[in-house]
Amino acid sequence: MSLAKLHVDLAQFERNIAAVQTRVTPAQLMLVVKDDAYAQGVEQIAARAVANNVNLFGSFDVPTGVRVRKTIGPGPRIFAWQTCGARAIRQALEHDIDLGVGDAAYLDRIAAIARAQQHRFRVHLKIDTGLHRNGIRIEQWPELLAQASTYQADGLIAVVGVWSHIAEASDEDDDQSRAVFDQAVLSAQARGFELEYRHLAASAASFARPEFRYDAVRIGAFCYGIRSAEGVGESELGVYPISTLKAPIVRIDGDSVVLGVGSLDGLPSTLSRLMHVESEFGTHRVRQIGLDETCLDWWTEASAGDWVTVFGGRTAASATDLAERIDTVGEELLLRVSPLIERVYAN
Ligand SMILES: *Cc1c(COP(=O)(O)O)cnc(C)c1O
């Protein structure tokens, strides 16, 4: 068991949700809870979200969607977009999960299970707008729509959405993606599909660019107070980190203070000498991050058992502040936090 603890402030999460909803309305917030809600605990996050009018969740995989459904009960919509096998498709059926489809063979697989189980799946078709990760190319789109029409006429699926994912790296590329998206939406509507959800943007584009919001925006990072690397600051966004990583001083060793957290707990050793931690007496330079301990510059008041903030909260460096120093993104710092570190929730 690790000595460090990840404190998750659910009241701050609630304020972030409110800020995000105010910003994107009338588009609906789809709260993205993949990777155990960015390592912060999908059950606690989903329960608090649903109590704050979040009625749409994005889980990436079906098993995470099932955890959300078990937490929040029937009603709110859950969207899972990972291409998956028969077993997960049946789980989606059992737990009423919408499926994202960016692959013709996957649509066949879903239809076959629908036929066998006499069920109608809600699906959101994914157009590839340039990321080339997953999604139907615009050249194949008419063919996919024809296939989907047949299945819908047979009562096996209901096409309720068209969606895509964009890079959010340059406005120009995003604009090109949006043009492809609009074309795909128009041809789906011309085919007779009544789309409930057109969704394209994640955190950054949905905040900065109203025309990317459509019916829903898929947001993880900003709801958790993780700003974009090299992007707009927290105070301008009106969202703040909900998670704080804290670790206790385990001993004083000559002229260094030793903290009970290390790279095995998820603190990247490449941050050695590149970061400071925060105690009630000030900030302290990190000398060396080891496997399960970290050495800091000494300070007068330091004593074993005192707690120190490694990142997060209102005043210490944020996950994104640290991420920028090692050329990654804030999400990465959280995702690295070991599952062995206890999550402590404040309401
Ligand atoms: C992770 C993810 C999101 C959320 O992105 P954030 O930047 O965390 O808001 C949205 N859509 C897809 C497809 C994703 O994989």
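What follows draws every value from the coordinates through simple rules; no lab data is involved. The model shown is predicted, which means the values in this text are computed figures rather than measured ones. Don't worry about glycine lacking a Cβ; one is built from the backbone with ideal geometry, like all the others, and counts go over all protein chains shown.
At a glance:
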{"quantity": "Point-to-point label distance, PHE281-THR22, nm (Cα→Cβ direction, 7 Å offset)", "calculated": "4.0"}
{"quantity": "Estimated 222 nm signal from helices in the chain, with DSSP H stretches of n ≥ 4 weighted -39500 (n - 2.57), rounded to 500", "calculated": "-10500 deg cm²/dmol"}
{"quantity": "Estimated dipole of the stretch 213-320 in Debye, rounded to 20 [Cβ of Lys and Arg +1, of Asp and Glu -1, Cα centre]", "calculated": "340"}
{"quantity": "Between helix 141-153 and the chain: long-axis angle, C-alpha atoms, 0 to 90°, nearest 10", "calculated": "70"}
{"quantity": "Average projection area in nm² (convex hull over Cα atoms of the chain, one quarter of hull surface)", "calculated": "17.7"}
{"quantity": "Fewest-first sequence of ARG109, ARG213 by Cβ atoms within 10 Å of each Cβ", "calculated": "ARG109, ARG213"}
{"quantity": "³J(HN,Hα), Karplus 6.51/-1.76/1.60, whole Hz, each residue of the stretch 85-98, x for Gly, Pro", "calculated": "x, 4, 5, 5, 4, 5, 5, 4, 4, 4, 10, 6, 10, 6"}
{"quantity": "Per-residue ³J(HN,Hα) for the stretch 270-285, Karplus 6.51 cos²θ - 1.76 cosθ + 1.60, θ = phi - 60°, Hz, x for Gly and Pro", "calculated": "5, 7, 3, 6, 10, 9, 10, 10, 10, 10, 5, 9, x, 9, 9, 6"}
{"quantity": "Candidates per GluC sites (Glu not before Pro) in the stretch 214-298, loop by DSSP, up to 10 other Cβ within 10 Å", "calculated": "GLU230, GLU280"}
{"quantity": "Antiparallel bridge percentage (DSSP; both residues within the chain; nearest 5)", "calculated": "45"}
{"quantity": "If the convex hull is drawn through the Cα atoms of the stretch 40-146, its volume per residue in Å³", "calculated": "114"}
{"quantity": "Chain lengthening between ASP61 and GLN189 when straightened (0.36 nm per residue, less Cα-Cα)", "calculated": "43.3 nm"}
{"quantity": "Value in Å of the Kirkwood radius, where the stretch 209-334 supplies the Cα pairs that are averaged", "calculated": "15.4"}
{"quantity": "Two-site FRET efficiency, GLN288 against GLU43, from Cβ-Cβ distance with R₀ of 41 Å, rounded to 0.05", "calculated": "0.70"}
{"quantity": "Residues ILE138 and LEU340, FRET efficiency given R0 of 41 Å [Cβ-Cβ distance, rounded to 0.05]", "calculated": "0.35"}
{"quantity": "The stretch 197-240, Cα convex hull volume normalised per residue, Å³", "calculated": "64"}
{"quantity": "Scattering profile of the stretch 1-88 at q = 0.17 Å⁻¹ [log10 I(q)/I(0), Debye over alpha-carbon scatterers]", "calculated": "-0.72"}
{"quantity": "Separation of alpha-carbon centers, the stretch 240-313 and the stretch 158-219, rounded to whole Å", "calculated": "43"}
{"quantity": "Prolate/oblate/rounded label for the stretch 116-171 (Cα gyration tensor, a/c 1.5)", "calculated": "prolate"}
{"quantity": "Cα centre as origin, Lys/Arg/Asp/Glu Cβ charges: the stretch 1-155 dipole, Debye", "calculated": "280"}
{"quantity": "The chain, relative contact order [Cα under 8 Å, separation at least 6], %", "calculated": "20"}
{"quantity": "Interchain or long-range residues, amide H under 5 Å from ILE166's placed H", "calculated": "ALA202"}
